[in-house]
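Worksheet: the structure to be examined is printed underneath.
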Amino acid sequence: MHNIQTKHIEAMRNLLFEEFGIHVSDLKAGNIVPKLSKLLLNEKYENADDFFLFLKKDFSAAKIIIAKYFTTNHTFFFREEDHFDFVLKDVVETKKTNIAIWSAASSTGEEAYSIAMTLLDRGIKDFKILASDLDKTVLKHFNEGEYGESRLSKVSEKQRKRYFIETRTGFVRVKNDLRKHIFIKNLNLMDDLAFEKQFDYIFCRNVFIYFNDQSRFKTLEMLSKNLKLGGYIFVGHTESLFNLPPNLKKVENSIFKKIS
């Protein structure tokens, strides 16, 4: 199978952790083999050694390829929708204006568009969403804004008519009225990111399950630094965060508030 050896698996484990914060345990090390095999096949490498030679030659380009095959991007519109309801309730109750939201692992965009639809449905237009991901391939899909029917199971008929246009059988594209609220950037959450303006809400969902305690804490510190006092961070429902920075407090399952 493309002559994948233990040395290649260990090298990939180390790289995934050092560059993306993704921790692959000893028990799950075998999961690297099918993903690396798919990478080698699709990217036309005869064997694993050839790819690792390319990695040494052009590290930046190789990282983009690795992100494409080793980060998980399964999502759909209104996934874990109680988070969107929480944001809407908080915006209405606090009468927020000039709202800044960060969808920090946006994948192909369904999360960011779900937030935007939730606010627009209530007539709230004074918001901007930064949507970021480390995988340029999914961001290209996001920017094109075309989605298959399987992603829209939770989108109402009214929302379909208002925010989407059918492009071909089984596919729709996001209308500009929705797209104009969103800015897309290629960012790595393991970097020490700092923005000029802090955010009211940060979504970083279903990412921490791939991190170990060290990278998880480091990323939470970076996120909280970019969050306004009283702002909220949302993580995935199945993610457990026990070691929090002191300025974050758990207020609900998977929702954390910046308190200092």
Going residue by residue through segment 244-252, is there one that turns out to be assigned to a loop (DSSP other than H, G, I, E, B), open to solvent by less than 60 Å² (accessible area, probe 1.4 Å) and within 23 Å of GLU19 (Cα to Cα)? yes
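So, SER224, is that one small (Gly, Ala, Ser) and touching a residue at least 12 places away in the same chain (Cβ under 8 Å) or not? Give the derivation first.
Numbers: small (Gly, Ala, Ser): yes; touching a residue at least 12 places away in the same chain (Cβ under 8 Å): yes.
Yes; evaluated as a whole, the condition is true for this residue.
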When every residue in segment 135-150 that is part of a helix (DSSP H, G or I) and of a type in the set (Ser, Thr, Tyr) is compared, the one farthest from LEU189 (Cα to Cα) is SER150
Within segment 42-93, the residues that are under 16 Å from the mean Cα position of the chain (by Cα), surrounded by 13 or more Cβ atoms within 10 Å (Cβ to Cβ) and either assigned to a loop (DSSP other than H, G, I, E, B) or of a type in the set (Ser, Thr, Tyr) (or both) are TYR69, THR71, THR72, ASN73, THR75, PHE76, PHE77, PHE78, ARG79, GLU80
Restricting segment 173-197 to residues that are in a loop (DSSP other than H, G, I, E, B) and among the acidic types (Asp, Glu), the one surrounded by the fewest Cβ atoms within 10 Å (Cβ to Cβ) turns out to be GLU196
When every residue in segment 223-243 that is open to solvent by less than 60 Å² (accessible area, probe 1.4 Å) and part of a loop (DSSP other than H, G, I, E, B) is compared, the one modelled with the highest pLDDT is ASN226
Over segment 201-222, the set of residues open to solvent by less than 20 Å² (accessible area, probe 1.4 Å), in contact with a Phe, Trp or Tyr (Cβ under 8 Å, 6 or more places away or on another chain) and under 14 Å from SER25 (Cβ atoms) is SER215
Picking from ILE182, ILE165, ILE202, the residue that is more than 21 Å from ALA100 (Cβ to Cβ) and modelled with pLDDT of 95 or more would be ILE165
Those residues of segment 137-172 that are exposed (fewer than 14 other Cβ atoms within 10 Å of the Cβ) and touching a residue at least 60 places away in the same chain (Cβ under 8 Å) come to a total of 3
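Would you confirm whether or not segment 124-134 contains a residue that is open to solvent by less than 90 Å² (accessible area, probe 1.4 Å), among the polar types (S, T, N, Q) and outside any strand (DSSP E or B)? Break it down stepwise before answering.
Filtering segment 124-134 for residues open to solvent by less than 90 Å² (accessible area, probe 1.4 Å) gives 124, 126-127, 129-134.
With among the polar types (S, T, N, Q) added as a condition, the list becomes 132.
Still in the running and outside any strand (DSSP E or B): none.
Within segment 124-134, none of the residues are open to solvent by less than 90 Å² (accessible area, probe 1.4 Å), among the polar types (S, T, N, Q) and outside any strand (DSSP E or B).
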The condition of being among the basic types (Lys, Arg) and under 20 Å from the mean Cα position of the chain (by Cα) holds, among LYS249, LYS258, LYS161, LYS154, only for LYS154
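State the number of residues belonging to segment 9-28 that are under 23 Å from the mean Cα position of the chain (by Cα) and in a helix (DSSP H, G or I). Please lay out each step first, then the result.
Filtering segment 9-28 down to residues under 23 Å from the mean Cα position of the chain (by Cα) leaves 12-25, 28.
Subset that is in a helix (DSSP H, G or I): 12-20, 28.
Qualifying residue count, segment 9-28: 10.
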Of the listed residues (LYS249, LYS218, LYS180), the one being basic (Lys, Arg), farther than 23 Å from ILE129 by Cβ and without any contact (Cβ under 8 Å) to a residue 12 or more places away in the chain is LYS249
Considering segment 4-21, residues that are open to solvent by 20 Å² or more (accessible area, probe 1.4 Å) and within 13 Å of MET190 (Cα to Cα), and then whichever is modelled with the lowest pLDDT, we arrive at GLU19
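The values are calculated or read from the model by the stated rules, or taken from the named source; none is laboratory data. Note that the structure is predicted; figures quoted are calculated from it, not measured. A quick note on method: Cβ atoms are made from the backbone with ideal geometry, for glycine too, and the neighbour counts reach across all protein chains shown. Note: areas computed on protein heavy atoms with side chains; ligands, DNA, RNA excluded. Shrake-Rupley method; radii C 1.70, N 1.55, O 1.52, S 1.80 Å.
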